[in-house]
1. Does Ala121 satisfy the condition of being assigned to a helix (DSSP H, G or I) and more than 19 Å from Arg274 (Cβ to Cβ)?
2. Taking the conditions exactly as written (surrounded by fewer than 18 Cβ atoms within 10 Å (Cβ to Cβ), at pLDDT below 95 and either among the hydroxyl-bearing types (Ser, Thr, Tyr) or part of a helix (DSSP H, G or I) (or both)), does Asp225 satisfy them or not?
3. Of Phe88, Phe105, Phe77, which residue is under 22 Å from Ile176 (Cβ atoms) and among the aromatic types (Phe, Trp, Tyr)?
4. On the given criteria, is Thr151 more than 30 Å from Leu53 (Cα to Cα) and hydroxyl-bearing (Ser, Thr, Tyr)?
5. Of all residues in the stretch 256-291 being in contact (Cβ under 8 Å) with a residue 12 or more places away in the chain and not in a helix (DSSP H, G or I), which is nearest to Leu168 (Cα to Cα)?
6. Among the candidates Gly124, Gly74, which residue alone is in the same structural domain as Pro15 (by TED's automatic domain parsing), at positive phi and of a type in the set (Gly, Ala, Ser)?
7. Given the criterion within 19 Å of Ala277 (Cα to Cα) and either among the hydrophobic types (A, V, I, L, M, F, W, C) or assigned by TED's automatic domain parsing to the domain that holds Val49 (or both), identify the matching residue among Ala197, Ala237, Ala214, Ala233.
8. Can you tell me which residue within the stretch 102-151, out of those that are farther than 30 Å from Ala307 by Cβ and among the small types (Gly, Ala, Ser), is surrounded by the fewest Cβ atoms within 10 Å (Cβ to Cβ)?
Amino acid sequence: MPLTIRRFSGGQSNPTFLLATSDRNYVLRKKPDGALLPSAHAIDREHRVMRALSGTDVPVPSVLGYCNDPTVIGAEFFIMTHIEGRTFWDARLPDLSRDDRAVVFDEMNKVIAALHRIDPATVGLANYGRPGRYLERHVARWSKQYLASETQPIEAMNRLIDWLPKHLPAPGVTSIVHGDLRLDNLIFHPVEPRALALIDWELSTLGDPLVDFAYHMLTWILRSDEFRGIADADLQALGIPGADSYLALYVERRGIAAIDPALWNYHLVFGLFRLAAILQGIAKRAEDGNAASADALETGAKARPIAELAWRKAREWLDAR
């Protein structure tokens, strides 16, 4: 049977390829080549969590096989079904109608709330992450990841590395967290505003769902020129919910109490810090020649302004010194 292979464009993480045959299509996802940061590009964890979520209210592709032998194609990889649909890179959704934009954001909110409602033990993921101290560990982890990938010193990152662990809130509940909840990590139906699959699970673990959701809601904090944000958009005219109403809908769907504003703002600051650390990792891979995307250098350059925004917000919202 003839097989054609084409690499998907976009994304900065694990290289992903379309495997096309005369009968059906598949997707292969693998670790990048070259030296990698410890614990990054967890292909095996992506495979495990998607298998576990199959049949739940969280739509995922069907995973078909995982190979941990790097001699087969040069790196660990897994294969999953190909979901025919649309990926939206611009959160303003310029090609959709006002009504469809509202439905897309509602679908996204629904999928995330469904994920955070799942009891990990019921899907075989009770041991998918370390118990307790999730935020504390992740402040330390992303501080370490940033320092390991630093190409030029960023003063705002150093300030946040010092400030964040000193002001940690009390631990929250534990759920399955995706780790990179963005609109472009959802595949939508080819013509309907309906979510078909949540993808890119390499950062998933067990942790605090508010950390996960706050990172997702950075879209409302950032401008379009900063990192795919909508802070500079007329949301009412577009039919996109404002930050307060979107958060309230998530709280309702989770069935939890209203979130303390100071707690929420700390999570937003940490989310910006984490995003800056991720972008710095992209910059480092671009410098080393191991980037998964041609525009990695430009994307990585956004680390500094987002770090500076995080430190400004910490001072504005939380009186950081």
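1. Here the answer is yes, as Ala121 does meet what is asked.
2. Yes, satisfied.
3. Sole residue among the options that is under 22 Å from Ile176 (Cβ atoms) and among the aromatic types (Phe, Trp, Tyr): Phe105.
4. Numbers: more than 30 Å from Leu53 (Cα to Cα): yes; hydroxyl-bearing (Ser, Thr, Tyr): yes.
So Thr151 fits the description; yes.
5. Ile259
6. Details: Gly124 fails: in the same structural domain as Pro15 (by TED's automatic domain parsing).
The conditions single out Gly74.
7. Result: Ala214 is the single residue among Ala197, Ala237, Ala214, Ala233 that is within 19 Å of Ala277 (Cα to Cα) and either among the hydrophobic types (A, V, I, L, M, F, W, C) or assigned by TED's automatic domain parsing to the domain that holds Val49 (or both).
8. The selected residue is Ala121.
The values are calculated or read from the model by the stated rules, or taken from the named source; none is laboratory data. Model, not experiment: these values are computed from the prediction. Ideal geometry is used to build each Cβ from the backbone, glycine not excepted, and the neighbour counts take in all protein chains shown.
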